[in-house]
1. Running a GNM on the chain with Cα contacts under 10 Å, which residue among 259, 179, 45 ends up with the highest mean-square fluctuation?
2. Given R₀ = 25 Å, what would the calculated FRET efficiency be for residue 162 paired with residue 266, taking r from the Cβ atoms and rounding to 0.05?
3. Over segment 34-155, what is the mean sequence separation of C-alpha contacts under 8 Å (at least six apart), divided by residue count, expressed as relative contact order in percent?
4. Long-range amide H contacts for residue 82: which residues qualify at under 5 Å (H placed 1.01 Å from N, peptide plane, sequence gap of 5 or more or a different chain)?
5. If each Cα of segment 145-202 is one equal point scatterer, what is log10 of I(q)/I(0) from the Debye formula at q = 0.25, 0.30 Å⁻¹?
6. Which value in deg cm²/dmol, rounded to the nearest 500, describes the helix-derived mean residue ellipticity at 222 nm for the chain, given -39,500 (n - 2.57) per DSSP H run of n ≥ 4 and division by the residue count?
7. Tell me, what is the FRET efficiency for residue 14 and residue 297 to the nearest 0.05, using R0 = 25 angstrom and their Cβ-Cβ distance as r?
8. Could you give each residue of segment 220-231 its phi-based ³J(HN,Hα) in whole Hz, using Karplus coefficients 6.51, -1.76, 1.60 with θ = phi - 60°, and x for Gly or Pro?
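Readers should treat all values here as calculations from the given coordinates under stated rules, not as data from a laboratory. These figures come from a predicted structure and were not determined experimentally. No Cβ is skipped: glycine too gets one built from the backbone with ideal geometry, and neighbour counts run over all protein chains shown.
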Amino acid sequence: MQRFLVSRILSMILALWGVSLVAFFLIRVIPVDPVEAYFAINQLPVSEESMDAIREEQGFNQPLLSQYANWMWQVFQLDFGKSFVSKQDVANELISRFWITLGIAFTALLFVVFISVPIGVLSAVKQYSLFDRLARTSIFTIASMPNFWLAFILIYVVALKWGVLPLMGWGTWQHMILPSLTLALGISPFYIRLIRTSMIEQMQQPYVLYARARGLKESVIVLHHLLRGTLPPLLTSLAMTFGGLLGGAVIIEIVFTIPGIGRYILDSMSARDYVVLQGFILLIGVFYIFINFLADIVCALIDPRIRLKVEGK
C-alpha cells in the first residue's frame, strides 16, 4: 500500500504542476491583449498611460517565466491576485462562490447515487423484465431533455404548481434541491447503465457462481459480491463527474439565479478578466485532482487487485 500511495502522490503533484502550467500559459497564448480587451469591452477611454498602469499593476510587462514564478509564489500564499474588473481579491471572490457550487454539486451527486444504485441493481437482477424495460425507457427519456428544459419543468411543477420548494434564488437548503435534482437527472442514466452492465458482467464470474453453488441467498450475493465489484468503476466515475459538475453548472446557476462560481466565471469571460480565469482553472483543477486521488485510495482499499497492478505485482 505504501508504494501505491507514493505513486499516486507523485502523480498528483505532477498533475497539479500541469494544471498550473495550463492555467497560466493557455490564457497567455490567446492572441488578445487582455488590457486592450478590458478597455474595449467595458467601453473605457483608452490611453497609453492607463493601459501601461494596468500592465504594471498586473505584472504583464515582465517576462512570462517571471510572471509564472511570481504567480505561483502568490498561489502558495493563497493569493490569486486582484480582479481586473472588481479590483477585489480573486481568492476571496472565488472561494465565497465556490462553496455554493460545491454544495450543489455534492447534493447532485447524492441524488445520482440514490437514483442510480437501486434502479441499476434491480435492472441487472431483473434483466429484460418489465421493470428493467420501463426503468431504462423512462430515465433515458428524461436524460434526452436539455438541462435547462428539465429545470423549467421542475420549476413549473414543483415550485409553481405544488409550491413545496422555492422558485429560484439562494439562501436556504431548500434552494439547493431543484438545481441539484436537475443536474442529477441528466447524469443518472449513465450510472444506471454503468451499474447494470457491471453487475451483469460480475454475474458471470466464477466466484459468483461458486457463491450460488454454496447456497448463499441471492440478496447476500447481490450486496456483498456484485455491488462490491461494481464500486471501483462507480467511485472513479463519480469522482470525475464531481469535477465536471463544479465547472459545468453554469446554465443551471443562470436558470435558478444562483450566485455560484459558474455565473461569476461567465461574467469574467465576458470581461476578459484573465486573473479570475486562471485562478478558477487552478482551483477546479486542484479540487478535481484531489477528489480523484481520494477515489483511487478508496478503490485500492476495496479491491486490492488495483493496488497490486500499480505496484507491478
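1. 45
2. Values: r = 31 Å, r/R0 = 1.22.
Efficiency at R0 = 25 Å is approximately 0.25.
3. Working: 38 pairs, mean separation 10.6, N = 122.
9 percent.
4. 90
5. Log10 I(q)/I(0), no solvent term: -0.95, -1.17.
6. Working: 15 runs with 230 residues, N = 313.
About -24000 deg cm²/dmol.
7. Working: r = 17 Å, r/R0 = 0.69.
After rounding, the FRET efficiency stands at 0.90.
8. 5, 4, 5, 6, 9, 10, 5, 5, 5, x, 7, 4
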